[in-house]
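Notes to accompany the following structure.
What follows draws every value from the coordinates through simple rules; no lab data is involved. The model shown is predicted, which means the values in this text are computed figures rather than measured ones. So basically every Cβ, Gly included, is an ideal-geometry build from the backbone, and we count neighbours across all protein chains shown.
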Amino acid sequence: MPKLAIMSDPAIDNARGGRHSYVLPTQMLSAREGEICTLLVEGHSLRQIGMRLNISVHTADTHARNAYAKLHVHNRVALIHRFSAQRARAIQRTLGKIA
């Protein structure tokens, strides 16, 4: 079963009764890599991620680099772009089901 990174949009979540509005498949990522990617996309620094997850900055960086390699991106900007494109498609599908 593929692992998932869950991200949500509050406006759509409210329309759907509080459920997450979309789920981004990150099939090759470990749970920790998906969690770190989600936090990176939300704008957290590696230092903030390390503090939040109680891991070292170096461990957070290693997980991020491993995720980048698995997702075929080279930096945070490319990661954000990839997740944003998936998010936009998921929102369009969700709104189509609501309307």
Open item on the list: What do you get for GluC sites (Glu not before Pro) in the stretch 26-60 restricted to DSSP loop and a cutoff of at most 15 other Cβ within 10 Å of the site's Cβ?
Closed with: E42
Open item on the list: I want the local charge near I49. Using Cβ-Cβ distances under 11 Å, sum +1 for each Lys or Arg and -1 for each Asp or Glu among the other residues.
Closed with: 0
- [ ] Could you calculate the contour length gain from H58 to M28, that is, 0.36 nm times the residue separation minus the distance between their Cα atoms, to one decimal place in nm?
- [x] 8.7 nm
- [ ] Quick one: order T62, T94 by neighbouring beta-carbon count within 10 Å, fewest to most.
- [x] T62, T94
